[in-house]
Amino acid sequence: MIRLSRSLFLLFVTSCIAFPLSAQAADENLHPQSGDFVMHDFRFSDGASLPEVRIHYSTLGTLQRDASGKATNAVLLLHGTTGTGNAYLTPLMQRELFAPGAPLDVQRYFIVMPDGLGRGGSTKPSDGLHARFPRYGYTDVIEAHHRMLVEGLKIDHLRLVLGTSMGGMHTWMWGERYPQMADALMPIASQPVPMAGRNWLWRQMITSAIRHDPDWRDGDYTVNPTQWTRVMPVFTLMTGNPARMHAAAPDRAAASRLYDTLVEQAKKNDANDVLYWFESSWDYDPPSQLAKIHAPLFAVNFADDLINATDLELMQQLIKNVPKGRYVEMPESAHSYGHQTLAHPEVWKPYLIELLKSSEIHN
């Protein structure tokens with residue numbers, strides 16, 4: 001029997017967890033720049049407000065403008081629920097997307113990769129407010145990103161909005177909320193439907209485990225609770241490919257080690273931050289607004305993705321409501337990783353290339 005080396009085992013673990021702390025360092029050749037945009041008296045969609053909200057972001061490339069000052073080459077990349085903008089700075093992402101001749105070659109495009117509200121270097125519950133932090137939703141995350149672009153970076157137009165997982169969900173909302181701002185939209189590993197069924201059940205397992213952790217103390221803990229982390233491997237069960245998972249843990253002992261490693265990884269995240277991550281989808285309800293999406297849109301999903309189960313046949317119907325929409329369902333193969341295929345642009349970038357070309361014709 002062939003067993004994975006320890007390095008390959010750990011690679012599987014980190015790719016399945018996809019937490020901010022596991023993001024690999026950026027390729028030094030591309031020199032990403034980082035910044036922070038601070039908004040004062042930020043009002044949330046539920047009426048709450050904070051005197052100051054910070055959005056952290058990284059960029060690659062140089063912003064270009066036309067004679068009127070309009071941005072012409074800006075690309076917004078949006079990350080998943082458990083990630084940050086650094087998800088796009090792994091060596092694989094950089095090689096496949098940003099290198100010379102790649103679809104988003106940084107010699108041609110200006111790439112903006114923000115951390116979502118509640119995550120990474122952006123304002124979040126663990127900064128001090130804990131469970132007293134406003135109950136933000138996806139609408140608030142998008143509003144903060146929009147203000148960061150328009151007010152902070154002075155970007156009034158986007159060549160492309162591309163998002164994976166939660167970022168894909170945000171991409172649907174971007175198309176509805178700002179229909180004239182982007183030339184093209186590419187939501188990956190997502191569906192424009194509210195949380196329900198299995199997709200909400202497994203998330204409830206995580207949020208309920210946090211709320212019922214005896215050390216959570218209604219969010220006012222001084223020591224980060226950890227009992228809830230024993231449930232967190234459900235995230236890997238939902239986002240991983242079973243064949244890849246079996247290869248990483250081919251016997252009982254290896255599977256037990258994998259479980260223990262996933263639990264230890266989860267302990268490095270603040271419980272309140274995680275709670276807010278998974279509950280912030282409360283206002284996600286895009287189906288009735290799909291007809292507002294103006295730009296060409298390619299929705300790419302994976303047949304072995306349990307989070308966005310293709311056998312529900314929702315996308316086949318909903319995409320008909322997007323005037324210039326196209327749905328791509330990629331079959332399971334030796335090169336698919338379940339939901340985590342989103343972290344493998346070598347698999348889905350042909351559709352990105354096609355979208356960029358077709359939206360150029362459109363313009």
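The values are calculated or read from the model by the stated rules, or taken from the named source; none is laboratory data. This one's a predicted model, so the numbers in the text were calculated from it and none came from an experiment. Please note: Cβ atoms are built from the backbone with ideal geometry, for glycine as well, and neighbour counts cover all protein chains shown. Just so you know, the surface numbers come from the protein's heavy atoms only, side chains and all, with ligands and any DNA or RNA stripped out. Shrake-Rupley method; radii C 1.70, N 1.55, O 1.52, S 1.80 Å.
Listed here are the residues, each with its yes/no results for (1) closer than 23 Å to PRO103 by Cα; (2) out of contact with any strand residue (DSSP E or B) (no Cβ under 8 Å at 6 or more places or on another chain).
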residue: GLU143; (1), (2): no, yes
residue: GLU151; (1), (2): no, no
residue: ASP156; (1), (2): yes, no
residue: THR164; (1), (2): yes, no
residue: GLY168; (1), (2): yes, no
residue: TYR178; (1), (2): no, yes
residue: MET181; (1), (2): yes, no
residue: MET186; (1), (2): yes, no
residue: ARG203; (1), (2): no, yes
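Every condition in (1) part of a loop (DSSP other than H, G, I, E, B); (2) closer than 26 Å to ALA131 by Cβ; (3) open to solvent by less than 60 Å² (accessible area, probe 1.4 Å) is met by HIS56 except one, and the failing one is (1). Against the numbered list (1) over 24 Å from TYR138 (Cα atoms); (2) in a loop (DSSP other than H, G, I, E, B); (3) open to solvent by less than 20 Å² (accessible area, probe 1.4 Å); (4) not polar (S, T, N, Q), ASP305 comes up short only at (1). Take the conditions (1) within 25 Å of ASP305 (Cβ to Cβ); (2) touching a strand residue (DSSP E or B) at 6+ places or on another chain (Cβ under 9 Å); (3) hydroxyl-bearing (Ser, Thr, Tyr); TYR138 misses just one of them, which is (2). Residue selection: ARG203 satisfies the criterion of being over 30 Å from ILE353 (Cβ atoms) and open to solvent by less than 30 Å² (accessible area, probe 1.4 Å). Scanning the range 207-261 for residues that are under 22 Å from THR81 (Cβ atoms), of a type in the set (S, T, N, Q) and in a loop (DSSP other than H, G, I, E, B) yields a count of 3.
In a helix (DSSP H, G or I), in contact (Cβ under 8 Å) with a residue 40 or more places away in the chain, of a type in the set (Asp, Glu) and closer than 25 Å to GLY240 by Cβ: which single residue out of GLU264, GLU332, GLU279 fits that description?
Numbers: GLU264 fails: in contact (Cβ under 8 Å) with a residue 40 or more places away in the chain; GLU332 fails: in a helix (DSSP H, G or I).
Only one candidate qualifies: GLU279.
If you go through the range 120-151 and pick out every residue that is among the hydroxyl-bearing types (Ser, Thr, Tyr), open to solvent by less than 10 Å² (accessible area, probe 1.4 Å) and in a loop (DSSP other than H, G, I, E, B), you end up with 2. Only one of the numbered conditions (1) of a type in the set (Gly, Ala, Ser); (2) modelled with pLDDT under 95; (3) surrounded by fewer than 16 Cβ atoms within 10 Å (Cβ to Cβ) is violated by SER336, and that is (3).
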